[in-house]
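The values are calculated or read from the model by the stated rules, or taken from the named source; none is laboratory data. Worth saying up front: this structure is predicted, and the values here are computed from it rather than measured. Note that we place each Cβ from the backbone using ideal geometry, even for glycine, and neighbour counts take in every protein chain shown. Each accessible area value is taken on the protein alone, full model and side chains, heavy atoms only, with ligands, DNA and RNA left out. Shrake-Rupley method; radii C 1.70, N 1.55, O 1.52, S 1.80 Å.
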Amino acid sequence: MTEGGNDRPRRLPGRRELAALLESFAPLLGGRDVAVAQANGQARASLGSWSPEALAEVLAGRSGEEPWTIGQTRCYPLWVEGEWLATLVVRADPAADPVVEQTLGHSLALFLSQVMEKQAVANETLDRYRELSLLYRVSQTIGASLNPEMIPRLVLDESNRVIPAEAGLVVLFSGEESRNGQGADWKVVADFGRPEEVGLLDQLVPAVLARVGDSDRPLILTELPAASLSHGPLLWAPLKTSERVLGGILLARPPGRTVFTASEEKLLLALAVQSAFAMENAHLIDNLQRILGETLEMKSLMDDIFASIPSGVITTDLQQKVMLFNQAAERILGLAASEVVGRPLAQVLPELVSPLQAALEDGALILDEELSPLLPRRGQIHLRLSCTPLYDAHRAAKGLTVVINDVTEQRRLEVDRERIHRTLGLVVAPRVRDRLLADPGNLRLDGVRQPVTVLFADVFGFTPFSEQTEPETLFKVLNSYLSLAAQAVLEQEGTLDKFMGDAVMALWNAPDTQPDHTLRAVLAALAMKQALQSHRLQLGEHHQLHFSIGINTGEAMVGNVGTDELFNYTAIGDTVNLAQRLESIAEPGQILLSEAAYRAVAGQVVARKLAPVKVKGRRQSVMVYELEGLAQAHGTEDFDRG
């Protein structure tokens, strides 16, 4: 329902097109003045001199549906589908033959009427196509959303896509006192536009609802008697289901801008109806079936749309013969439509019959069922299948609609990702693996300076042991010792930096921050010693080895080191070097702490200060502490040495 504005100008050809048509007839008209005037008296196109007053005067002389004459001016009404859209106005030539004159006038009027009729048909077809395109997008966005809080936002996004407006909002009623929302509380749940425009529109809502009253139809509003604020054209469409009105969509344009058209009103109503059903989620399937019914009735128009849908769509009749098999279905199932259409579904696609049995027998609804059929031309693939009964516009059963999505590549990527996740976890520390996979930016060759605690643990005496042991046995024994060390590091959430022959390097406080990183390294070292005691009991007397361990705390550069093709996540710097030097001078079963490491855990451990030692790469001696265990106050007894 429209208050102000109409679609007549839109149904007329463009001004330039009309002017070109009149100029093409100019030689036949012998230079006569001619014009096409709209019903409101304005000239749509003209040849010669015509004033608005002159056109208004001759149009005022219309007395019926037939041509009329005012003085020397002959007027021919232009009718399209029983509606008077415009008037052909021709100044007569007194010297011309009246019969010839009228014949030319009638011919030109008939020609222009036919042009306008084609324009009307084209506009109607375009409107229908826009409506169908809108309904299709709604089914893919709003209809697919299960979150009622997101739907109003999606509604405005879609309305702004198809209807130009400066501001808009969605109003929902919170009460159920009336079928049309009268007497119900309301609230704005979504909006778009500049804040001042949205604020004005918000203030106009009570006046709009008062104007809407009990009507459940859309409205184009140019003025609101109940509103004290100046405003431009408004467009309202109710969010209604078959039983009640949920709220409405309100769009606005600034004062002086073009009034909303009837076609825009129709588009917004279509959007509102679909959105209301999505919000209710009670009649979603019925709505989908209605759209599918309309789609079948307009198959010639929708073929291109079906061809562009990425999902495979198959429809059958009541005898389960395939009626529609779109291009995506051809690609997904490896069959041409010519091989399938008109044949029983069980014959051409037996792999789908079993999952569809319930739908085939009693019309049951199937949503997102996954299956992995083995197809002759594609092999093993993975599909996600949905099926719904197909009804016509009168709710009579017509068959089934099957929608198929190929998720083969998605499943392959999931398998590959899991394999990469599992494989990468075998070659780098789990914390480093998770960091690399979480963000591609973490693959850059760079580093950051930060405090870390570094632990080196070496299997003491392994070199002479390897000279006396068979390689197979040596390999097995080495892995058993390194496994103990790695397990102790991981239990304290450390980062295994690398295995270096018979030694292991571990970090704490990287890549993630750990305020107690030095204590964690100490606990890992003590756990290695404790685990080694029981482990040695399981080995032969010739395989009795020990760990020598060095721990240091300080700043280091931490990050990816190597090339773009191959790199390691590690720490470098003097802090790392000193930890390795301490490990190299530690005795079997001995854990040496640097002075920095000791100070970080001094109140939590029992350690014995040793004489300063000279280490490789340092001019001055360094202070060293031998870790003996945890302090009693820490709640854990000291670990025995060795």
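Ranked highest first by average number of other Cβ atoms within 10 Å, how do 495-508, 368-381 line up? Write down the numbers at each step before the final one.
Values: 495-508: 20.8, 368-381: 12.3.
Answer by packing, highest mean first, reads 495-508, 368-381.
Quickly rank 240-252, 344-356 as a protection proxy: mean count of other C-beta atoms within 10 Å, highest first.
Numbers: 240-252: 21.6, 344-356: 16.7.
My ranking of the peptides, most packed first, is 240-252, 344-356.
Give me the percent of the accessible area of the range 524-610 that comes from carbon and sulfur atoms, probe 1.4 Å, all protein chains in place. Mind dumping the intermediate values first?
Details: 1950 of 3980 Å².
Looking at the range 524-610 in its full context, I get 49 percent from C and S.
Sorting T258, T563 by accessible area (1.4 Å probe), largest first, what list results? Don't skip to the end; give the middle numbers.
Details: T258 100, T563 70 Å².
Accessible-area ranking of T258, T563, largest first: T258, T563.
Classify the range 467-522 from the C-alpha gyration tensor, please: rounded if a/c falls under 1.5, else prolate or oblate depending on whether a/b exceeds b/c.
Working: a/c = 3.70, a/b = 3.01, b/c = 1.23.
Here the range 467-522 falls in the prolate category.
Keeping all protein chains in the complex and leaving out DNA, RNA and ligands, what accessible area do you get for H231 with a 1.4 Å probe, in Å² to the nearest 10?
30
Tell me, what is the FRET efficiency for E491 and D512 to the nearest 0.05, using R0 = 22 angstrom and their Cβ-Cβ distance as r?
Working: r = 16 Å, r/R0 = 0.71.
With a Förster radius of 22 Å, E is 0.90.
Quote the charge dipole size of the range 195-281 about the Cα centre in Debye, to the nearest 20; the model charges only the Cβ of Lys and Arg (+1) and of Asp and Glu (-1).
Working: 7 positive and 10 negative charges, 34 e Å.
Computed charge dipole of the range 195-281: roughly 160 debye.
Tell me the relative contact order for the range 10-86 as a rounded percent, counting alpha carbon contacts under 8 Å between residues six or more apart. Can you show the working numbers first?
On the way: 79 pairs, mean separation 16.8, N = 77.
Relative contact order of the range 10-86: 22 percent.
Extending each Cα 7 Å along its Cβ direction at E339 and R62, get the distance between those two points in nm, one decimal.
It works out to 6.2 nm between the two label points.
With each label point set 7 Å from Cα along the Cα-Cβ vector, what nm distance links Q468 and D157?
According to this spin-label approximation, the distance is 7.3 nm.
Please list, ordered by chain and number, the residues whose modelled amide H lies under 5 Å from the amide H of D497; skip anything fewer than 5 residues away on the same chain.
The list, which skips near neighbours in sequence, is M505, A506, L507.
Classify the range 559-613 as rounded, prolate or oblate from the Cα gyration tensor: take a ≥ b ≥ c as the square roots of its eigenvalues, call it rounded if a/c is under 1.5, otherwise prolate when a/b beats b/c and oblate if not.
Values: a/c = 3.06, a/b = 2.18, b/c = 1.40.
Here the range 559-613 falls in the prolate category.
If the cut-off is a Cα-Cα distance under 22 Å, which lysines reach K476, setting aside same-chain residues fewer than 8 apart in sequence?
Leaving aside lysines fewer than 8 places away in the same chain, those within reach of K476 are K498, K529.
To the nearest 10 square angstrom, what accessible area does W50 show with a 1.4 Å probe?
Result for W50: roughly 40 Å² accessible.
May I ask for the net charge around G334, where only other residues with Cβ less than 14 Å from the Cβ of G334 are counted and Lys, Arg are +1 while Asp, Glu are -1? Mind showing how you got there, number by number?
Numbers: positive: R331, R377, R378; negative: E330, E339, E351, D406.
Here the charged neighbours net out to -1.
Probe radius 1.4 Å, ligands and nucleic acids left out: which of T408, T87 has the largest accessible area, and how do the rest follow? Mind showing how you got there, number by number?
Working: T408 30, T87 0 Å².
Descending accessible area places them as T408, T87.
Considering Cα pairs under 8 angstrom that are at least six residues apart, work out the relative contact order of the range 523-613 and quote it in whole percent.
Values: 99 pairs, mean separation 27.2, N = 91.
So the answer I get is 30 percent.
Report the extension gain between F475 and V622 in nm, rounded to one decimal, defined as 0.36 nm multiplied by the number of residues separating them, less their alpha carbon distance. Write out the running numbers ahead of the final one.
Details: separation 147, 0.36 × 147 = 52.92 nm, distance 3.57 nm.
The F475-V622 span can extend by a further 49.4 nm.
Length gain on complete extension for the stretch R378 to V99, per 0.36 nm per residue less the alpha carbon to alpha carbon distance? Numbers along the way, then the final one.
Numbers: separation 279, 0.36 × 279 = 100.44 nm, distance 7.50 nm.
Length gained, R378 through V99: 92.9 nm.
In what sequence, largest accessible area first, do F111, F25 appear using a 1.4 Å probe? Don't skip to the end; give the middle numbers.
Values: F111 75, F25 40 Å².
Solvent-accessible surface, decreasing: F111, F25.
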